[in-house]
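The values are calculated or read from the model by the stated rules, or taken from the named source; none is laboratory data. What you are looking at is a predicted structure, and each value in this text was computed from that prediction instead of being measured. With ideal geometry, Cβ positions are generated from the backbone for all residues, glycine too; neighbour counts draw on all protein chains shown. Side chains are part of the model used for accessible areas, which takes the heavy atoms of the whole protein and leaves out ligands, DNA and RNA. Shrake-Rupley method; radii C 1.70, N 1.55, O 1.52, S 1.80 Å.
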Amino acid sequence: MTSTIEGPIEVPAGLRNVVVTETRLGDVRGDEGFYHYRQYSAIELARSKSVEDVWFLLFEGRLPDPAERATFVAELASLRELPPEVRAVLPAVAAAGSSFNPLAGLRTALSLLAAARGLRPLWDVDAAQRKADAMLVCAVTPTILAALYRLRSGLEPMEPRTDLGAAAHWLYLVTGEVPDDAKVRAIEHYLISTIDHGFNASTFTARVIASTGADVVAAVAGAIGAFSGPLHGGAPDRALASLDEIGTPDRIDEWVRAKVSSGDRIMGFGHAVYRTEDPRSLMLRDIAVELGGDLVDFATTVERRIVEVLAELKPGRNLYANVEFYAGVVMSLCGLPREMFTPTFAVSRVIGWSANILEQAGTSKIIRPSARYVGEPPPVPVPAEV
């Protein structure tokens, strides 16, 4: 992508609809309710492929054949173990603070991993080493997050296994039990559907840092920081908390109207890009219904009524359930505790961040926008000391 424009360019707040680069990784077509990874529908991939298949697709540009898949899965499994230097600090990281903050702990542990493994700046290594570094970071992220959770809960971390796929291995690391096939496929659907999603805040952050030539962990750590905000990755548990607040079907209308009148955001509804129903939410709703139970019945009732009330109170806004609403339901049904909902999101999204980092590292242009100064007009004489 080239431009002949010189001088400042006025853009919308939040860079909305501003194209900042070109990518072969995928796109989100919000008006259509469609998004894709490379040339494939992300939802179709989630319904028919494994996490490893899609991981390979984003890193290599194609879906693997059986032999490539077996090699890739074995390589990933071999990278799940943590270096002794990282394992040694996890108890202190897990115990820090009055409340559990797994994403902050992940940033800390990954930074130590980069030092322990001697990860070098992207600028200084070739494409093969960049990919190896990214593979390592993605492979150990679930190990770190699950270990932090179990340590904080007074449990021993589970030792990584090489005989489980990515989705099953994540559930095993957190719960300590090998999950049944229904839970594995439910979580696998979720993980695949959230691997990447256009130039969201965390992905853009990762690419900005990668454009400086910093190492893979620096870019991922920055992405995690952006992702930790409740307006981005930190909402699945909050969406499920809304169901707790509502309590019973007869309170739905009252709850929604109170939220809207007070100007509060209803977590799990609305999206910055989609003007239709979120395709990820539609898929996860189907999965939740397949799993069944009282929580699912209540969630579908709440979703339907919230959409109706929002349509009445905010006509023309097209506010539907987003991925976070049913993500919380599905993860809860699969045995994941609420404090691990957002970390589960991070387990998948780190793959997308890394794919974007690798793509950005293939360019040599640093991302350096401008800002408009709106303070007091300079130059003002510097006052003498009193």
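See the values below:
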item: Some residue of segment 235-257 being more than 20 Å from the chain's Cα centre (by Cα), in a loop (DSSP other than H, G, I, E, B), at pLDDT 90 or above and hydroxyl-bearing (S, T, Y); result: yes
item: Qualifying positions in segment 190-207 - open to solvent by less than 10 Å² (accessible area, probe 1.4 Å), farther than 15 Å from L282 by Cβ and of a type in the set (S, T, N, Q); result: S202, T203
item: Extreme residue, farthest from E308 (Cα to Cα), among residues of segment 266-284 that are charged (D, E, K, R) and surrounded by 22 or more Cβ atoms within 10 Å (Cβ to Cβ); result: R280
item: Extreme residue, nearest to L145 (Cα to Cα), among residues of segment 91-114 that are touching an Asp or Glu at 6+ places or on another chain (Cβ under 8 Å) and open to solvent by 20 Å² or more (accessible area, probe 1.4 Å); result: F100
item: Lone qualifier among G352, G335, G328, G362 - being surrounded by fewer than 13 Cβ atoms within 10 Å (Cβ to Cβ), under 24 Å from the mean Cα position of the chain (by Cα) and touching a residue at least 24 places away in the same chain (Cβ under 8 Å); result: G362
item: Residue within segment 188-203 that is at negative phi, free of Cβ contacts under 8 Å to residues at least 40 places away in the same chain, assigned to a helix (DSSP H, G or I) and aromatic (F, W, Y) present; result: no
item: Residue count for segment 66-81, restricted to those that are aliphatic (A, V, I, L, M), part of a helix (DSSP H, G or I) and either closer than 14 Å to R117 by Cβ or touching an Asp or Glu at 6+ places or on another chain (Cβ under 9 Å) (or both); result: 3
item: Test for G263: is it open to solvent by 40 Å² or more (accessible area, probe 1.4 Å), modelled with pLDDT under 95 and either out of contact with any Asp or Glu (no Cβ under 8 Å at 6 or more places or on another chain) or farther than 30 Å from L113 by Cα (or both); result: yes
item: Single unsatisfied condition, T248 versus (1) in contact with a Phe, Trp or Tyr (Cβ under 9 Å, 6 or more places away or on another chain); (2) surrounded by 19 or more Cβ atoms within 10 Å (Cβ to Cβ); (3) of a type outside the set (D, E, K, R); result: (2)
item: Positions within segment 163-186 being open to solvent by 20 Å² or more (accessible area, probe 1.4 Å), among the small types (G, A, S) and assigned to a helix (DSSP H, G or I), in sequence order; result: A166, A182
item: Residue list for segment 320-342, restricted to those being part of a loop (DSSP other than H, G, I, E, B) and over 20 Å from R152 (Cα atoms); result: Y320, N322, C334
item: Among (1) open to solvent by 50 Å² or more (accessible area, probe 1.4 Å); (2) over 20 Å from the mean Cα position of the chain (by Cα); (3) more than 19 Å from W170 (Cα to Cα); (4) modelled with pLDDT of 95 or more - the single one E81 does not satisfy; result: (3)
item: For L319: the one exception among (1) open to solvent by 10 Å² or more (accessible area, probe 1.4 Å); (2) within 16 Å of the chain's Cα centre (by Cα); result: (2)
